[in-house]
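Participant: My structure is below; once you've seen it, I'll send some questions.
The values are calculated or read from the model by the stated rules, or taken from the named source; none is laboratory data. On a predicted model such as this, the values are computed, not experimentally measured, just so you know. Cβ coordinates were reconstructed from backbone atoms using ideal geometry, including for glycine residues, and neighbour counts include every protein chain displayed. Side chains are part of the model used for accessible areas, which takes the heavy atoms of the whole protein and leaves out ligands, DNA and RNA. Shrake-Rupley method; radii C 1.70, N 1.55, O 1.52, S 1.80 Å.
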Amino acid sequence: MKNTHLALNLAALVIGMLLLAYASVPLYRLFCRATGYNGTTQEAAHAPDRIINRDITIRFNADTAPGLLWEFKPALKNLKVKVGQQALTHYVARNLSDRAITGRAVYNVLPLTAGAYFVKVECFCFKEQTIAANARVEMPVSFYVDPSIMDDRDMDGVKTITLSYTFFEVKE
């Protein structure tokens, strides 16, 4: 009887550990989106109604993974925005190869604590991008800095936020 009880408890423990391991990646992504942890930005359908008279400079960075035959750069190096003001910028990508290539962008913001307040309304990074051979495309990003940044005393000194993208090729 003791051995049966022990075996059931150990089986339940193993099953629980497997379920936790399976769920850890989606739970981590959910946690990062909810909190802005590790520079993960937020998403929204539209900008807030409130615009605050505090300027923040948004710097734009672009990289490609090794082996991706794309030229990828921001159209602007930086843009000054008011907190709560929706802004629009573009990134430019050019496929340097003689075949269509599909890529996916991963992103973050610096300082990492700004991720909770940097909100994208529309972004090329929400889905994969396919660029035809030797083609050039402009990819828009619409965003704002959430007015709730004003309530976080730790963010008072933040004058610049860097939005960074890295494109990786999507393998078939």
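Participant: Determine the pairs where a residue that is on the phi > 0 side of the Ramachandran plot, located within the stretch 128-149, has a partner that is open to solvent by less than 50 Å² (accessible area, probe 1.4 Å) and part of a strand (DSSP E or B) with Cβ atoms under 8 Å apart, the partner being 6 or more residues away or on another chain.
Facilitator: Asn134/Asn95
Participant: Which of the residues spanning the stretch 76-102 are surrounded by 15 or more Cβ atoms within 10 Å (Cβ to Cβ), among the hydrophobic types (A, V, I, L, M, F, W, C) and under 20 Å from Lys120 (Cα atoms)?
Facilitator: Correct list: Leu79, Val81, Val83, Ala87, Ala93.
Participant: Here is a follow-up. Within the stretch 112-127, is there a residue that is open to solvent by 20 Å² or more (accessible area, probe 1.4 Å), part of a strand (DSSP E or B) and touching a Gly at 6+ places or on another chain (Cβ under 9 Å)?
Facilitator: no
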